[in-house]
Amino acid sequence: MTGGQDSCYPRLPVGSFLDALAAGAPAPAAGSAAALVLAQAAALCAKSARLSARQLTADRAGQLTAEAEQLRAEAASLMDEDARAFRAVIEQSRRPADPARATGSAGGEAATQRGCPGAGPAAAAAGDLAIALSRAADVPMRLVELAAPVAELAASLAAGGNPALRGDAQTAALLAQAAARAAAALVRINLTDTPGDPRPARAASLLTRIARSVEAAAP
């Protein structure tokens, strides 16, 4: 399997997903890989919380387990979302410019309606590609946003959870950081031609927050 339109990557066996990741198809790619890493971090948090009832009380352990499971599900869902967004970028980049969109003829959208008086088909196509890239940046941005609570949860479990699972919690924090750093790089790459977009700065701020959690989780 190399990543069809209706793929459900979280349900694939590990080997099959790795085959899809290594294949020559455009997707899955880096964003899906980062989402899987973050989902694994959240899963380790769930394990640590489940086995920490004695240290945290059963109610608190249950609460943290539920939180970790929700984060895991959200991160895993982004494996498919990133692939869909990336395919949309590829499709848009391969789409030929449509002269009708620049002239405003039947079935097209005039360039003047897009706020680009006199713009030609190439400019309209570039604008469409920028929109697709902006939408593609939403997925890794969401990954960075999810990584922050995962790392914080991991730090909390490393400090107060079952000491036998401390290594799992510390690994979760490090995996969350790795996923966030990779996703933040994808945000920057997708928004290279949109210098005023606030998302790269927000991602950088969240990386600082995540780094503090990783330090707190360390021995």
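The values are calculated or read from the model by the stated rules, or taken from the named source; none is laboratory data. These figures come from a predicted structure and were not determined experimentally. Here the Cβ is made from the backbone with ideal geometry for all residues, glycine too, and neighbour counts use every protein chain on show.
Just to be sure I understand, how many residues within segment 24-35 are assigned to a helix (DSSP H, G or I) and more than 15 Å from Arg181 (Cβ to Cβ)? Can you show your working first?
Of segment 24-35, the ones assigned to a helix (DSSP H, G or I) are 30-35.
Narrowing the set further to residues that are more than 15 Å from Arg181 (Cβ to Cβ) leaves 32.
Here the count works out to 1.
Filter segment 37-96 for residues that are of a type in the set (Asp, Glu) and closer than 24 Å to Ala183 by Cα; which is surrounded by the most Cβ atoms within 10 Å (Cβ to Cβ)? Quick ask: steps written out before the conclusion?
Within segment 37-96, the first condition is being of a type in the set (Asp, Glu), and the residues that meet it are 59, 67, 69, 74, 80-82, 91.
This time we only want the ones that are closer than 24 Å to Ala183 by Cα, so: 67, 69, 74, 80-82, 91.
Values: Glu67: 17, Glu69: 16, Glu74: 18, Asp80: 21, Glu81: 17, Asp82: 28, Glu91: 11.
For segment 37-96, the residue satisfying everything is Asp82.
Would you confirm, using the coordinates I've provided, whether Pro195 is in contact (Cβ under 8 Å) with a residue 12 or more places away in the chain, farther than 22 Å from Ala76 by Cβ and assigned to a loop (DSSP other than H, G, I, E, B)?
Spelling it out, it is not the case that Pro195 is in contact (Cβ under 8 Å) with a residue 12 or more places away in the chain, farther than 22 Å from Ala76 by Cβ and assigned to a loop (DSSP other than H, G, I, E, B).
Among the residues that make up segment 10-17, is at least one of them assigned to a loop (DSSP other than H, G, I, E, B) and in contact with an Asp or Glu (Cβ under 7 Å, 6 or more places away or on another chain)?
no
Of the conditions (1) more than 28 Å from Pro140 (Cβ to Cβ); (2) at pLDDT 80 or above, Asp82 clears all except one; give me its number.
(1)
Looking only at segment 124-137, decide whether some residue is β-branched (Val, Ile, Thr), closer than 30 Å to Ser48 by Cβ and either at pLDDT below 95 or surrounded by fewer than 24 Cβ atoms within 10 Å (Cβ to Cβ) (or both).
Within segment 124-137, none of the residues are β-branched (Val, Ile, Thr), closer than 30 Å to Ser48 by Cβ and either at pLDDT below 95 or surrounded by fewer than 24 Cβ atoms within 10 Å (Cβ to Cβ) (or both).
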